[in-house]
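Nothing in this text is a laboratory measurement; each read-out follows from the coordinates by a stated rule. Owing to the predicted nature of the structure, the values given are computational and were not obtained by experimental measurement. Note that we place each Cβ from the backbone using ideal geometry, even for glycine, and neighbour counts take in every protein chain shown.
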Amino acid sequence: MATGRYTSDLEEGDRLGPVDVVISPFQVREYCHANELHQPCFQNDPNPIVPPTMAHLEKLRFYTIYCPDGCGPNARVHYTFDVRWHGALRAGMPLVVEGVVRSRYMKRGREYMDVDITMRDKSADRLLVEYRDTVCLSYREAAKDAA
Amino acid sequence: MDRTPMELNPGDEIRSAPRVMTRERMRWYVDALPTVEANDGRVHFSVPTIHDDDEYAKGQGLPGIISDGMITSNWILDLLLRSLGTQVLEDPGALLTKFVAPVYEDVPITCVLRVEGAQPLPQGGQRLSLKVWAEDGAGKLVTVGTAAVKIH
């Protein structure tokens with residue numbers, strides 16, 4: 001395990017969770033408001049649908065738990081968001097969320113990391129969301145190219 | 001869009017109205033993250049990031065702040081839901097986005113869906129596969145990806 005300090009310390013195979021999670025209506029409304037997702041299913045429903053983009057926050061949850069000192073010497077940059085949902089995930093639903101550092105690899109001189117996350121309905125043990133997150137860990141170099 | 005989702009055909013494109021990626025929109029997202037994480041009903045503020053702090057962004061080699069890629073992902077999702085209905089979240093679906101160019105302050109962003117395939121399903125409805133992207137005012141791609149949803 002390479003957890004406990006920086007995101008950039010994470011290693012292939014590191015397990016994240018499982019953790020018990022209940023996403024609240026407040027969390028859904030706040031996230032959707034910030035992203036201008038004003039659909040009634042997010043803002044008005046007493047048990048709103050959790051937008052699939054919120055799966056990204058589960059990675060951040062794991063970073064908070066396992067990498068409390070932040071990203072390391074360079075800012076990381078989010079490169080790919082890849083989500084599949086198998087049905088509606090609603091606020092208030094007890095969930096089990098877990099993740100794994102699937103791979104770290106070099107591509108065109110930059111280092112990338114894939115983290116796979118699953119979100120399951122705890123009571124039915126039903127898979128609701130699968131998410132793969134890819135970040136570039138060597139952002140300073142990427143930023144020079146972008147500038 | 002003047003057709004129903006079931007009338008969409010491969011090659012059809014749906015474009016959003018442009019939204020300007022203002023400093024406020026970037027900050028709304030940045031501060032939403034600790035606010036959602038705290039989950040106590042109050043607003044919480046982020047540590048400095050490349051998305052809201054000019055000096056921090058310059059220290060990372062950027063000319064200025066850039067938006068978080070999840071904002072354009074959410075704007076693409078918004079266009080998907082406005083165009084095809086929120087029912088697509090009740091059935092299995094997928095969304096993939098890649099952040100291929102930085103989005104700087106005050107850049108106008110247009111989101112686009114293009115139907116690539118429409119497969120009728122035995123139980124009714126059809127499965128749409130789409131290319132999705134966000135482009136700047138000059139038509140340069142900043143976010144690219146795919147989506148797959150069931151429509152009725």
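Points worth noting:
- Inter-centroid distance (Cα atoms) of the stretch B:19-92 relative to the stretch A:18-67, Å: 13 Å
- Scoring A:17-24, A:126-133 by mean Cβ neighbours within 10 Å over their residues and listing the highest first yields A:126-133, A:17-24.
- Most fluctuating residue given options B:Val112, B:Val142, B:Val43, as computed from a GNM of chain B linking Cα atoms under 10 Å: B:Val43
- For the residues of B:36-44, the average number of beta carbons from a partner chain within 10 Å of their own beta carbon is 4.
- Of the chymotrypsin sites (Phe, Trp or Tyr not before Pro) in the stretch B:1-91, those whose Cβ has at most 15 other Cβ within 10 Å and which sit in DSSP loop: B:Phe45
- Restriction of the trypsin sites (Lys or Arg not before Pro) in the stretch B:91-152 to DSSP coil positions whose beta-carbon has at most 13 other beta-carbons within 10 angstrom yields B:Lys140.
- Candidates B:Thr97, B:Thr86, B:Thr110: whichever shows maximal mean-square fluctuation once chain B is modelled as a Gaussian network with Cα springs under 10 Å: B:Thr86
- Globularity ratio of chain B, using Cα Rg and 2.2 N^0.38 Å: 1.18
- Annotation: extensible slack from B:Gln123 through B:Val100 equals 4.5 nm (criterion: 0.36 nm per residue apart, minus Cα-Cα distance).
- Nearest-ten-degree value, helix B:69-84 long axis tilted from longest Cα axis of chain B: 30 degrees
- Pairwise Cα inverse-distance average, inverted: Kirkwood Rh of the stretch A:7-146 (Å): 16.0 Å
- Fraction of C-alpha pairs exceeding 35 angstrom in the protein assembly as shown: 15 percent, rounded to a whole number.
- Counting only residues at least eight positions apart within a chain, or on another chain, the lysines with an alpha carbon under 21 Å from that of B:Lys98 are A:Lys59, A:Lys107, A:Lys144, B:Lys131, B:Lys140.
- In the stretch B:1-88, the trypsin sites (Lys or Arg not before Pro) that fall in loop regions by DSSP, at most 13 other Cβ within 10 Å: B:Arg3, B:Arg42
- Hypothetical label at A:Arg126: residues of the stretch B:89-116 whose amide nitrogen lies under 15 Å (7 Å Cα-Cβ projection): B:89-93
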